[in-house]
1. From the gyration tensor of the Cα coordinates in the range A:94-193, what semi-axes in whole Å does the equivalent ellipsoid have, largest first, with each one equal to sqrt(5λ)?
2. Once B and A are treated as a pair rather than alone, how much accessible area drops out, both sides summed, in Å² to 100, probe 1.4 Å?
3. Over chain A, what is the mean sequence separation of C-alpha contacts under 8 Å (at least six apart), divided by residue count, expressed as relative contact order in percent?
4. Just which residues of the range A:65-79 lose 50 Å² or more accessible area with every protein chain there, against their chain alone, with the probe set to 1.4 Å?
5. Net charge within 12 Å of A:Leu113 by Cβ-Cβ distance, Lys/Arg positive one each and Asp/Glu negative one each, not counting A:Leu113 itself?
6. A:Val64's amide H: which non-local residues (gap 5+, or another chain) put their own amide H closer than 5 Å, with H modeled 1.01 Å from N in plane and none for Pro or chain starts?
7. When a/c is below 1.5 the answer is rounded, else prolate if a/b is larger than b/c, else oblate, so apply that to the range A:212-323 with a ≥ b ≥ c taken from the square roots of the Cα gyration tensor eigenvalues.
8. Please compute the alpha carbon radius of gyration of the range B:1-80, then divide it by the globular-protein estimate 2.2 N^0.38 Å. Two decimals is fine.
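The values are calculated or read from the model by the stated rules, or taken from the named source; none is laboratory data. Model, not experiment: these values are computed from the prediction. All Cβ positions, even for glycine, are placed from backbone atoms using ideal geometry, and neighbour counts span all protein chains on display. For accessibility, only protein heavy atoms count, side chains too; no ligands or nucleic acids. Shrake-Rupley method; radii C 1.70, N 1.55, O 1.52, S 1.80 Å.
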Amino acid sequence: MTTPTYTDFYTLLPYLILTVWACVLLLVDLFIPVGRKGITAFLAALGIAVTLGFSITQIGAESVGFSSMVALDGFSTFANILLLSSGLFGIALAYGYTQRFNMVRGEYYILLLFSVSGMMLMAQANDLIIVFLALELLSIPLYVLSAISRKLTSEESGVKYFLLGAFASGFVVYGTALIFGATGSTNLAAIFAQAAAGVTSGLLLTIGAALLLVGFGFKVAAAPFHMWTPDVYQGAPTSVTAFMAAGAKIAGFVALFRVFATAFPSLAPELTTILWALSAVTMILGNLTAISQTNIKRMLAYSAIAHAGYILMAFVPYGNAKVAPTAIAAGLFYLVAYAVSNFGSWGVVIALEKAEGKGLEIEDYAGLAKKYPALAAAMTVFMLSLIGFPPTLGMVGKFYLFRSALAGGFPGLALIGLVTSLLSAYYYLRVVVNMYMKEGDPEIEREPWLALTTGFTAIATVVVSFVPQFLFMLAYTAVMR
Amino acid sequence: MNSELIVFLVLSLVAIATALGMLFSKNAVYSALFLVLNFVTVAVFYLLLGAPFLAMSQITVYAGAIMVLFLFVIMLLGAENLKPSNALPWQKPLAILLSVILGVEATYLLLARARSSLSVTSPDAALNTMDSLRNMAETLFSQFLLPFEITSILLLVAMVGAVVLTRAEKGAAK
């Protein structure tokens, strides 16, 4: 019988800090009076900040712990920092929104903390059992948060998300079982070793990996597993949607990167074709459907689907050892770019949203530029970034993605990405046109944290795009362990 | 006739009786309770075969957790005394057909086994002693310690989530 050692704890320390913090906060919240739940928000943010600080000290550290169930390396630390930052943005956006729409509850922030901890566990998971548990740990709080406003649409969105999410988890479990059947292990490194040595039933392994892909595909909203996305994004409280769109996507992709790059390089010939098709279908479907949307939340939901397709592109050449590190680094870079623009654009949506779901049509943005030029300018920056137009982070991200697709020998995929990006300009620019060229009288909410988030992400989107090499090198060193 | 055989014979009668009771009782709650008794009897069979862990998990998982869930659903739906309905008219003949096939198959296997004079071998005794239980516990709390602990956090989160969704908001009343 072995007891956990210092290394075990050090490997998982960011997750442990956040989980313990969330559990303690659950108790502390009971003593915070109903009218002052802002304290809970502050404490939750403090917990994330402390964990973030600790994660930053872990840059460059590498270890495995708990019988190699979890791994700490550059990749996981990069993901942890990104996820924790998303958590901070998620709290900042929620603070004013929950007060405005009468859903102030201490549990909101605690569930958000648990969800972030699940996402971090996902990034560190080195064993399929942990992958599954992390997937549940990040999803269950999100199901609850989607339904938290107790309005009909919110509850419907929560139930829909829960049912389809449970379905997706089933795929992950089934895939894990088949992989265990084929290789006799759930540990990623052991699966790789067994697959390289030759398994008796290669078909079993391939089907298992494909089922895992389906499960993760649900989580990152890749077509054809994206059906839940528009309804859930639209029905959930907007602050939850913003967090869900960024956090769940980052966690899903990070797990996908790690599981497939660590365990299944031997399956690359079969899976590359599937991934190619998934990526292409997701880009085309997401962008084409987004064109016909009039509701900004639905439009951004379809845009989220389309971006899942772009990020999947980074993943297609994962079996090619020469291209894979650059491609996965490009994927990580794009995740950062997407997360920043995502939080910014949802922040603007929150600023314009009114009670009873008013203020969510794209027409409601008419005249925004005349009345609130700063906000309109910020929204323009985010829209340009989502199109991939210079000088924004989105453009640099797409450049890296298309370059890695070309280097991996998939010019067709890069072409589809380019054409669909051009197509996407139509619906993103429609928002800009409404803001600048139409008359209207929009009302916005002035909330300091909201303004701070929107302003910060807008400035970051532009400024970092001038020095992208630094961020890309960070991602690249994270991938090259 | 040793004592083990006597226990087995008595329990077999109980098991068959409770299974029939489950099938034929009109009240769904009685059916569920009969099934609980049936599960407990089967758990004792496992003990007789020298598989203590299987017996305990049979009781905790099937007789405990799953049946409580069943009872909850029956009571919440108020389905204790449903009138027999003909919503699925094709279901009855299909069920009879399938059970006849299953019965024939089981009988054939039993006879084939008897003819080849193979007695049913009891599970490997060495694998089913208390030692195996200890080994399992040690694996669970050393190699699989982390998944075990994460599961407990997961259950906590699910519980908090359920409370959040069902308890009315205090802040919203204002």
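1. 34, 15, 6
2. Heavy-atom accessible area buried at this interface is about 2600 Å².
3. Answer for chain A is 15 percent.
4. By number: A:Met69.
5. Neighbourhood net charge equals -2.
6. Here A:Leu72 satisfy the definition.
7. It comes out prolate by the Cα gyration axes.
8. Dividing the Cα radius of gyration by 2.2 N^0.38 Å gives 1.21.
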